[in-house]
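Data first, discussion second: the structure below is written as structure tokens.
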There are 2 protein chains.
Amino acid sequence: MPHTLETLRADYEELKARGLSLDLTRGKPSAAQLDLSNGLLDLDLSGDHRDGAGTDLRNYGGADGVAEVRAIFSELLGIPVPQLLAGGNASLTFMHDIIVHALLHGVAQGEPWYGQDVAFLCPTPGYDRHFAITEALGIRMIAVPYLADGSLDVPAIAQHLADPSVRGMWLVPQYANPTGSSVDEATARALAALPAAASDFRVFWDNAYAVHHLTAAEPAPLDILRFAAEAGNPDRFFVFASTSKITQAGAGVSFFGSSPANIAWYKMHASVQTIGPDKLSQWRHARFFGDADGVRAHMRRHRALIAPKFAIVERILTERLTGHGSWTTPTGGYFVTLSAPDGTATRAVQLAKEAGIAVTPAGAAFPYGVDPRDSVIRIAPTMPPEADLETAIEALALCVLLAEAELAG
Amino acid sequence: MPHTLETLRADYEELKARGLSLDLTRGKPSAAQLDLSNGLLDLDLSGDHRDGAGTDLRNYGGADGVAEVRAIFSELLGIPVPQLLAGGNASLTFMHDIIVHALLHGVAQGEPWYGQDVAFLCPTPGYDRHFAITEALGIRMIAVPYLADGSLDVPAIAQHLADPSVRGMWLVPQYANPTGSSVDEATARALAALPAAASDFRVFWDNAYAVHHLTAAEPAPLDILRFAAEAGNPDRFFVFASTSKITQAGAGVSFFGSSPANIAWYKMHASVQTIGPDKLSQWRHARFFGDADGVRAHMRRHRALIAPKFAIVERILTERLTGHGSWTTPTGGYFVTLSAPDGTATRAVQLAKEAGIAVTPAGAAFPYGVDPRDSVIRIAPTMPPEADLETAIEALALCVLLAEAELAG
């Protein structure tokens, strides 16, 4: 039976009457995922608080972070230990603070960005918290839509880089938030090599999902710092990562990797802000994982918990929405991007909300919250239990269909 | 036998020949002090990671910090829980970031400080890391020497406040770094009430040693936020504290307290920088202490370990340097300030260094590193074992005497 506005409205009234309260908003790990890292919570460090070099990790100091945890993530991220700092509980703070340092002090030998017309390229749809940082810090955002196949629009980026006000670019290179797309080596090498009018142009390479595979394919991260050096732009990339979606989302370890010159620049400015990160948290992580293979094995346990949830989303969207928009089928990361029929996303999210299903606001994945097609809905499947997820995706699909039918009038 | 340049030189050569390697530089807790908090390191949170409200502390969120640890320090600091945030492992980061927010966004309804002539009052001698922050962030520092009795020079401060470029003031109100002096209620009320040309004038009230008593007297912190409200300047004070010298120096919890308006201002800007602090670290602290009395009892154990070290410093300085300068006898905090004869501090510190005794560089306790009298030497007695401390203070006293004798020529 084809959907009619009337039947959809009736279905929606039934849905509302169920009084649901479900949440698809944020990419949070579920309790079962967090349980995988409970080994961090019963480690006894009372007789084990010195690192391999004998440093008492309970005391001040150690601005670079604990060597052992940096070594593990050096291998996983493909960044030499001396170029990889371990920090606090949020890589977002590294990103924010680096832009602050650029505003107040300038990057490398450059002038402070403050007071200049500074713009960042923002592949869209992208990560709302990235855009919140640049917006709050007064940086102009230029949306650069991904191509239909999920790849970066390199020619458009090249064109923007001729503008000397373009000083930065946000990028989640692997399993992007929210599209799930990954940059391939050719694209990465192109980004490393493109001429840029601004000599201090920097790509904020947020490799948040470097080890967050959803299939048996476990590609190694692109060796972006090497590509950059080979292209003659060794300082172009700031690399970020964290254990937020590996261990505990609020109590993990963040990482910042870059060229030796950039690391020295960062440390110079960070040294007045802090005496050093929480080394005991870092030491717990080093002890818990043991080595890089420990992390890999751990991530397979995450996959076992969350891949079925992504399969549920894929199945229900195929059943309910074939012919009514499109969606991504990510092989890693934390999100599915649903592209609802143009002009329906805001209404569908509103309908969902009124039926008790919290969905990330339409437009959130775009600079200034503006999705020009009003189409993208970000789905975060990891947090709800499977039964709730099924209910929520069924409901969301109904809301999309109803919004579309309303629009058709 | 009176000292002569000759006998002092001979003694010094003997000292050098001992090939010592001792460190009086930083106010670090000793290993024995850190051991007092090893109960933080064997707490098993694997089945205990929800706060009283049921929030899973392993996941994202909770920008204000864990309520239970805020409640404990609310009582200790005399600040209502809603006005007290718990943060990361360093209150220094709170201070730095607040000045950054002021530079980039302005304080309250004010204009951004960036590009303006902004000055901070700096009671001297003071904390070198405070001065490092203001210097790095391009803020002009105005030294305001403490009076001979260790009290603040309120008339001088009042005079400076007539200058609209004076927007801030550093202050360690209790057991100051490095003088050990404490602000009394009359002075605090005066600071709260003084007219200031800059409507956004802020005192950075760094109560780092609020519970760090060295005697049985355990004065409660001044209720500075109340004084400010009563004086009609409710937003004048930013209060900072941390557990850095209570539990683990590199892995503690920091606190920021202020008026409701200031807390809202801070949270607005911090919300783009972080999703929240490490709640598990905060929860460990709440569990470890239980309540405010748990902290008080804990601090008495610190006192038992470090009061004898301060007594050693006092004894040796009295024996060796009576008539050759003066020194503080702190009743709390982490430092002794030795005022060597004018013009000798740099030389004495250099002599000590050459004999293997690391002392904080002369001038470090002053803005731009300039001690106009070249007199102040900061002594940090907590870290070395008692025998090493005796040796180091004896040696330092000899270096002061030799520097004085050299100067007399």
Antiparallel DSSP beta bridges within the protein assembly as shown, percent to nearest 5:
45
Taking the Cα centre as origin and putting +1 on Lys and Arg beta-carbons and -1 on Asp and Glu beta-carbons, what dipole magnitude results for the protein assembly as shown, to the nearest 20 debye?
260
Using the Kirkwood formula on alpha carbons, the hydrodynamic radius of the stretch B:106-234 in angstrom works out to 15.2
Which of B:VAL295, B:PHE204, B:THR215 sits farthest toward the positive end of the charge dipole of the stretch B:178-306, with +1 on the Cβ of Lys and Arg and -1 on the Cβ of Asp and Glu?
B:VAL295
Considering only the label points, 7 Å along Cα→Cβ from Cα, what distances in nm to one decimal separate A:GLY409 from the same position in each other copy, shortest first?
10.0
Give the aspartates and glutamates whose C-alpha is closer than 20 Å to that of A:LYS309, dropping any in the same chain fewer than 8 places away, or say none.
A:ASP23, A:ASP35, A:GLU218, A:GLU319, A:GLU386, A:ASP388, A:GLU390, A:GLU394
In the stretch A:192-305, what percentage of the DSSP-assigned beta bridges are antiparallel, given to the nearest 5?
50
Summarise the accessible area of the stretch A:51-290 (1.4 Å probe, protein heavy atoms) by the percent that is carbon and sulfur.
56
Using only C-alpha atoms and all pairs of different ones, pull out the Kirkwood radius for the protein assembly as shown in Å with one decimal.
28.7
Peptide A:33-46: average number of partner chain Cβ atoms within 10 Å per residue?
5
Order A:HIS212, A:HIS105 by their accessible area, 1.4 angstrom probe, all chains in place, largest first.
A:HIS105, A:HIS212
In whole Å, what is the distance between the alpha-carbon centres of the stretch B:45-82 and the stretch A:286-314?
29
Please report, in Å, the Rg and the Dmax of the stretch A:299-353, where both are computed over Cα atoms only.
13.0, 39
Kindly work out what percent of the DSSP beta bridges joining two residues of the stretch B:51-290 are antiparallel, to the nearest 5.
30
Summing Lys, Arg as +1 and Asp, Glu as -1, what charge do residues with Cβ under 14 Å from the Cβ of B:GLU185 carry, B:GLU185 excluded?
-1
Surface per residue (accessible, 1.4 Å probe) for the protein assembly as shown, Å²:
36
Ellipsoid equivalent to the stretch A:1-82 - semi-axes via the Cα gyration tensor, in Å
53, 18, 11
Determine how large the accessible area of A:TRP170 is when every protein chain is in place; take a 1.4 Å probe and give Å² rounded to the nearest 10.
10
Could you state how much accessible area A:LEU5 has, in square angstrom rounded to the nearest 10, with a 1.4 Å probe and all protein chains kept in place?
50
Computed for B with A: buried accessible area summed over both chains, 1.4 Å probe, rounded to 100 Å², at 4600
Mind computing the radius of gyration and Dmax over the alpha-carbon atoms of the stretch A:51-290? Å is fine for both.
17.3, 53
Under the √(5λ) rule applied to the eigenvalues of the Cα gyration tensor, what semi-axes describe the equivalent ellipsoid of the stretch B:249-348? Give them in Å, descending.
40, 21, 12
Computed magnitude of the charge dipole of chain B (debye, nearest 20; Cβ of K, R +1, Cβ of D, E -1)
500
For A:ALA311, place a label point 7 Å from Cα along the Cα-to-Cβ direction in every copy; what are the distances to the other copies, in nm, shortest first?
7.1
Here P(r) for the stretch A:321-409, Cα-Cα distances in 5 Å bins, as whole percents, is 3, 15, 26, 27, 20, 8, 2, 0
What number, rounded to the nearest 500 deg cm²/dmol, is the helix-based mean residue ellipticity at 222 nm of chain A, given -39500 (n - 2.57) per DSSP H run of at least four residues and division by all its residues?
-12500 deg cm²/dmol
Divide, for chain B, the radius of gyration over alpha carbons by 2.2 N^0.38 Å, where N is the residue count.
1.02
Volume per residue of the C-alpha convex hull in the stretch A:169-263, rounded to whole Å³:
108
Sum up the charges of everything whose Cβ sits under 12 Å from the Cβ of A:THR331, counting Lys and Arg as +1 and Asp and Glu as -1, but leave A:THR331 out.
-1
First select every other residue whose beta carbon is under 9 angstrom from the beta carbon of A:LEU398; then total the charges, Lys and Arg +1, Asp and Glu -1.
-1
Relative to the isolated chain, which residues of the stretch A:239-284 have their accessible area cut by 30 Å² or more in the presence of all protein chains (1.4 Å probe, heavy atoms, no ligands or nucleic acids)?
A:ALA249, A:GLY250, A:ALA251, A:VAL272, A:GLN273, A:ILE275, A:ASP278, A:LEU280, A:ARG284
Measure nothing but the geometry: give the 0 to 90° angle between the long axis through the Cα atoms of B:67-77 and the longest principal axis through the Cα atoms of chain B, rounded to 10°.
50
For B:ASP388, label point 7 Å along C-beta direction: distances to other copies, nm
5.3
Quick one: work out Rg over Rh on the C-alpha atoms of the stretch A:213-256, Rh as Kirkwood radius.
1.11
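The values are calculated or read from the model by the stated rules, or taken from the named source; none is laboratory data. This is a predicted model, so every value here is computed, not measured. Cβ coordinates were reconstructed from backbone atoms using ideal geometry, including for glycine residues, and neighbour counts include every protein chain displayed. Heavy atoms of the whole protein, side chains included, go into the accessibility calculation; ligands, DNA and RNA do not. Shrake-Rupley method; radii C 1.70, N 1.55, O 1.52, S 1.80 Å.
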